[in-house]
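The values are calculated or read from the model by the stated rules, or taken from the named source; none is laboratory data. Note that this is a predicted model, so its numbers are computed, not measured. Cβ placement follows ideal geometry from the backbone for every residue including glycine, while neighbour counts extend to all protein chains displayed. When the accessible area is computed, the model is the full protein with side chains, heavy atoms only, and any ligands, DNA or RNA have been set aside. Shrake-Rupley method; radii C 1.70, N 1.55, O 1.52, S 1.80 Å.
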Amino acid sequence: MNLQKLFETQKVLRDRIGYEGEDRFEKLILALLVEIGECANEWRGFKFWSKDQEPRTRMNTCNHCNRLGRKACIGCYGKLYKNPLLEEYVDALHFLLEIGLELKFTNLSLASYETPSIEYQFNEVISACCKVRESVESDWQEEEKQDEFDNLCMGFIGLGRMLGFTWKEIETAYFEKNKVNHERQNTGY
């Protein structure tokens, strides 16, 4: 996976969207948290109350266009996602990259860490996201902010591995979703 290429690709979308409001960082953090939650929801393993705890890794229909995959659909643009779990992970990746661009932290390694369970990993990533927010809100030193963002990235990359994704799958899905995001900009999504 080439993170620099992902950051460059994300910057093109970011510049196209052009939102520069004072609340941008808070919205990015919230968006990342929401997408991580949506990823957990597609994983389903935490739903001890449900008999259906299998990850949603296959979908042949779209919820937006009445599950038909119509070209005019703002949800799938006629391209039905094969792996909703991967799609949600990649949606979160878009916002992780956005936060890196926002903080000017784009020189990252592909190091990762993994915890004993996927549930724990999700919670670690969410906690790390909140620590990044705290580091910015509390005006920590740049090095401390970078450390917190690096920790978030390492946890997020580890989560992808724990969910069973390869770098190639993540990168391919990222570029596919990036195209959809540009198409959505064309239609005022």
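Looking only at residues in the range 6-25 that are part of a helix (DSSP H, G or I) and without any contact (Cβ under 8 Å) to a residue 24 or more places away in the chain, the one that is surrounded by the fewest Cβ atoms within 10 Å (Cβ to Cβ) is Asp15.
Of the numbered criteria (1) open to solvent by 60 Å² or more (accessible area, probe 1.4 Å); (2) farther than 23 Å from Ile29 by Cβ; (3) without any contact (Cβ under 8 Å) to a residue 12 or more places away in the chain; (4) not in a helix (DSSP H, G or I), the one Lys179 fails is (4). Annotation: Met1 fulfils all but one of (1) at pLDDT 95 or above; (2) assigned to a loop (DSSP other than H, G, I, E, B); the unmet one is (1). Exactly one residue out of Leu163, Leu152 is within 14 Å of the chain's Cα centre (by Cα), open to solvent by less than 80 Å² (accessible area, probe 1.4 Å), hydrophobic (A, V, I, L, M, F, W, C) and over 18 Å from Glu98 (Cα atoms): that is Leu163.
The residues on offer are Leu108, Leu96, Leu103, and the sole one that is closer than 30 Å to Gln141 by Cα, modelled with pLDDT under 90 and of a type outside the set (Ser, Thr, Tyr) is Leu108. Residues in the range 94-131 that are open to solvent by 70 Å² or more (accessible area, probe 1.4 Å) and assigned to a loop (DSSP other than H, G, I, E, B): Lys104, Asn107, Ser109, Glu114, Pro116.
Residue-level check: of (1) under 12 Å from Leu86 (Cα atoms); (2) surrounded by 16 or more Cβ atoms within 10 Å (Cβ to Cβ); (3) of a type outside the set (D, E, K, R), Thr172 misses just (2).
Somewhere in the range 79-86, is a residue among the hydroxyl-bearing types (Ser, Thr, Tyr), in contact with a helix residue (DSSP H, G or I) (Cβ under 7 Å, 6 or more places away or on another chain) and at pLDDT below 95?
At the first step, the residues of the range 79-86 found to be among the hydroxyl-bearing types (Ser, Thr, Tyr) are 81.
Among the residues that remain, those that are also in contact with a helix residue (DSSP H, G or I) (Cβ under 7 Å, 6 or more places away or on another chain) are: 81.
Subsequent filtering for residues that are at pLDDT below 95 retains 81.
Looking through the range 79-86, at least one residue is among the hydroxyl-bearing types (Ser, Thr, Tyr), in contact with a helix residue (DSSP H, G or I) (Cβ under 7 Å, 6 or more places away or on another chain) and at pLDDT below 95.
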